[in-house]
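Visitor: Here it is, the structure, as structure tokens.
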Amino acid sequence: MNVSKRLYSYYLIWPALLIYSIFFVLPALIGLFYSFTDWRLDREAIKFIGWDNFERIFTDRTLLLAMKNTTIFAIVTVLGKNLLGIALAVGLNMKLKSKNLLRAIFYSPSILSVLVISIVFTPMLRSDGTINRIFEAVGLPSLSQAWLTNPALVIWTVAFVSIWQHTGFQMAIYLAGLQSISKEYYEAATIDGAGSWRSFRSITIPLLLPAININLMLTLIGGLKVFSEVFVLTGGGPGNASQVVGTIILRSFGEGSWGLGTAVNTLLFAAVTIIAIPLLIFMRRKEVSE
Amino acid sequence: MSFSRKMAWRNYLVEGFLILASLLIILPLLIMLFGSFMTSAEVLKFSLRLPEKWNFSNYTTVFREGGLGRAFLNGMLITGVSSVLNIFTSSAASFILVRRETKWSNFLYMFFFMGLIAPMSTITTIRVVQWMGFYGSITSVILIYASLNTAFSVFLYSGFIRSIPKALDEVAFLEGANTFDVFFRIVTPLIVPVNATVAIMVFMSVWNDITIPLYFLTDSSDWTMPLSVYNFYGKYSRDWNLIFADLVLTSLPVLILYIFCQKYIVSGLTAGAVKG
């Protein structure tokens with residue numbers, strides 16, 4: 001033990017630890033303090049105001065809407081990206097002639113910037129845009145919608161664009177997971193008379209749990225942190241209909257109400273941690289021990 | 001026989017369905033690509049067809065008007081330096097974290113791991129950078145990207161280094177090597193594939209990002225390509241042919257990287273996400 005301590009000296013950790021602590025952890029800790037102040041850009045003196053910022057968050061209609069939208073976005077994208085991701089991975093894990101090409105196609109949007117995809121979708125989602133014209137062309141004009149200007153619909157539209165772009169990334173992780181499952185399990189199950197649905201439920205899902213675990217975490221955390229999609233597609237509008245926590249922080253920053261902005265961020269931090277850590281522990285326990 | 005025929009039919013059915021679904025992915029991307037060669041009147045229908053005439057001049061116009069040359073160099077500098085910095089610091093830290101199996105190193109591992117979960121505190125990061133006196137500079141953005149990616153990289157490196165037998169280091173130590181030698185002479189050559197994975201992942205996420213430049217680069221001459229594209233998109237909102245050409249140009253570097261480095265992405269996902 002002593003030998004190992006002497007040999008592996010700690011100084012190799014220092015560069016990473018310093019950069020990470022100064023530019024990531026320190027701001028988070030300072031943010032915790034500033035959340036309880038009336039910190040404003042235009043004022044020199046900073047006053048401690050207790051829970052006032054948080055009270056405001058829970059009574060201000062726009063801020064409440066932003067939290068509701070963030071939750072909807074997170075849930076919808078977690079479900080969409082993972083259900084479609086598993087379906088695509090299972091399909092593309094079969095012996096198909098075009099599987100390599102199809103894998104590359106489904107993966108391709110996720111390597112591009114959210115900015116690029118959001119701008120490409122903007123004209124297609126307009127009332128007179130490509131998507132509505134397709135619905136009209138196939139005789140389903142009732143399906144055409146004001147995708148980005150209907151306040152009740154807009155956050156769902158943004159979630160759809162995110163699912164469209166990133167499902168391929170989840171698919172790639174599920175494919176890697178599927179390929180680590182030995183074929184012998186399926187052969188044994190077939191001999192025992194199990195159908196494909198039964199095999200999927202009793203072999204694929206349990207052995208895929210590490211991949212499911214990591215994908216749920218990634219999509220959930222990514223969903224709660226959403227910013228760029230909303231920023232580019234709608235800017236939070238129409239009105240404030242598609243505001244999310246990320247755009248509210250930018251708005252508070254722009255308005256100079258930095259105390260409120262950090263309080264919103266602290267709340268996001270708390271929400272992500274409270275949801276993610278128990279989920280992480282729960283999922284780890286469910287994984288089949290190797 | 002009938003069983004394998006049934007399987008074959010099922011495969012054809014799945015394949016047909018997946019090809020149809022893949023059109024949903026390809027079509028918007030082709031509308032962008034073809035549109036980038038059209039005239040501004042022709043592109044406005046936003047439907048899928050080939051341009052009547054291939055206007056390569058859109059690309060030269062965009063490059064000139066959008067200041068993309070400068071933005072490209074800024075992006076390369078920021079992405080390149082932050083990736084390299086991140087690779088060195090994270091791999092060195094992971095090596096020690098994995099090899100010293102003490103309470104303190106486990107705690108530090110969790111400390112880094114929290115960075116995968118916690119969101120960044122943008123406004124107070126600005127404050128910290130202001131205190132240090134380099135708010136608005138490219139250096140600040142490089143350090144912020146390096147710190148934001150530390151958690152993910154430490155996670156990937158730790159998983160991989162754990163699979164390298166400790167006996168290799170011990171032999172070197174017996175020969176009189178120190179930590180530094182062992183890390184650079186023995187571990188570094190062995191983790192080259194992970195370095196490639198981390199480099200690609202960091203490159204893609206940093207190159208594509210608009211959030212950090214939006215908050216931290218106050219001078220537009222320091223902007224990266226996506227932020228310049230965003231600015232251009234606001235200014236030239238009518239010329240969709242130019243906007244599309246702009247989008248294609250900002251996507252090219254990651255596309256080229258992806259084509260040449262596919263296998264590292266897949267191996268990285270397998271090593272980090274599935275086995276980790």
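Visitor: Being over 25 Å from residue B:139 (Cα atoms), crowded, with 16+ Cβ neighbours inside 10 Å and either under 23 Å from the mean Cα position of the chain (by Cα) or of a type in the set (Ser, Thr, Tyr) (or both) narrows it down to one of B:105, B:57, B:83, so name that one.
Guide: Sole residue among the options that is over 25 Å from residue B:139 (Cα atoms), crowded, with 16+ Cβ neighbours inside 10 Å and either under 23 Å from the mean Cα position of the chain (by Cα) or of a type in the set (Ser, Thr, Tyr) (or both): B:105.
Visitor: May I pose another question? Please tell me if residue B:66 is of a type outside the set (Val, Ile, Thr), crowded, with 19+ Cβ neighbours inside 10 Å, more than 13 Å from chain A (Cβ to nearest Cβ) and in contact (Cβ under 8 Å) with a residue 40 or more places away in the chain.
Guide: In short, yes.
Visitor: Can residue B:73 be described as out of contact with any His (no Cβ under 7 Å at 6 or more places or on another chain), closer than 19 Å to residue B:216 by Cα and surrounded by fewer than 23 Cβ atoms within 10 Å (Cβ to Cβ)?
Guide: When the stated conditions are applied, residue B:73 passes them.
Visitor: Another question, then. From the list A:138, A:226, A:120, which residue is more than 24 Å from residue B:119 (Cα to Cα), more than 9 Å from chain B (Cβ to nearest Cβ) and among the β-branched types (Val, Ile, Thr)? Working first, answer last.
Guide: On the way: A:226 fails: more than 24 Å from residue B:119 (Cα to Cα); A:120 fails: more than 9 Å from chain B (Cβ to nearest Cβ).
Going through A:138, A:226, A:120 in turn, the sole match is A:138.
Visitor: Taking the range B:31-54 as the search range and keeping residues that are hydroxyl-bearing (Ser, Thr, Tyr) and either within 14 Å of chain A (Cβ to nearest Cβ) or buried (at least 19 other Cβ atoms within 10 Å of the Cβ) (or both), which one is nearest to residue B:219 (Cα to Cα)?
Guide: Taking the range B:31-54 as the starting set, the residues that turn out to be hydroxyl-bearing (Ser, Thr, Tyr) are B:36, B:39-40, B:47.
Then drop every residue that is not either within 14 Å of chain A (Cβ to nearest Cβ) or buried (at least 19 other Cβ atoms within 10 Å of the Cβ) (or both), which leaves B:36, B:40, B:47.
Values: B:36: 28, B:40: 30, B:47: 37 Å.
Checking each candidate, the answer is B:36.
Visitor: Would you please list the contacts, defined by Cβ atoms under 6 Å and residues six or more apart or on different chains, that run from a residue in the range B:192-212 that is over 25 Å from residue A:229 (Cα atoms) to a residue that is open to solvent by 20 Å² or more (accessible area, probe 1.4 Å)?
Guide: Listed pairs, sorted by first residue: B:194/B:160; B:195/B:87; B:196/B:264; B:197/B:264.
Visitor: Another question, if that's okay. Return yes or no: is residue B:135 under 27 Å from the mean Cα position of the chain (by Cα), more than 9 Å from every other protein chain (Cβ to nearest Cβ) and crowded, with 21+ Cβ neighbours inside 10 Å?
Guide: Criteria not met by residue B:135.
Visitor: Additional query: Would you mind listing the helices (runs of 4 or more DSSP H) fully within the range A:57-128 where at least 2 residues are farther than 23 Å from residue B:197 by Cα, out of contact with any Leu (no Cβ under 8 Å at 6 or more places or on another chain) and open to solvent by 20 Å² or more (accessible area, probe 1.4 Å)?
Guide: Those helices (runs of 4 or more DSSP H) span A:61-92.
Visitor: Inspect all residues belonging to the range A:95-112 and state whether any of them is touching a residue at least 24 places away in the same chain (Cβ under 8 Å), of a type in the set (A, V, I, L, M) and more than 7 Å from chain B (Cβ to nearest Cβ).
Guide: No: the range A:95-112 contains no residue that is touching a residue at least 24 places away in the same chain (Cβ under 8 Å), of a type in the set (A, V, I, L, M) and more than 7 Å from chain B (Cβ to nearest Cβ).
The values are calculated or read from the model by the stated rules, or taken from the named source; none is laboratory data. Note that this is a predicted model, so its numbers are computed, not measured. With ideal geometry, Cβ positions are generated from the backbone for all residues, glycine too; neighbour counts draw on all protein chains shown. To get the accessible areas, we keep the full protein, side chains included, count just its heavy atoms, and leave off ligands, DNA and RNA. Shrake-Rupley method; radii C 1.70, N 1.55, O 1.52, S 1.80 Å.
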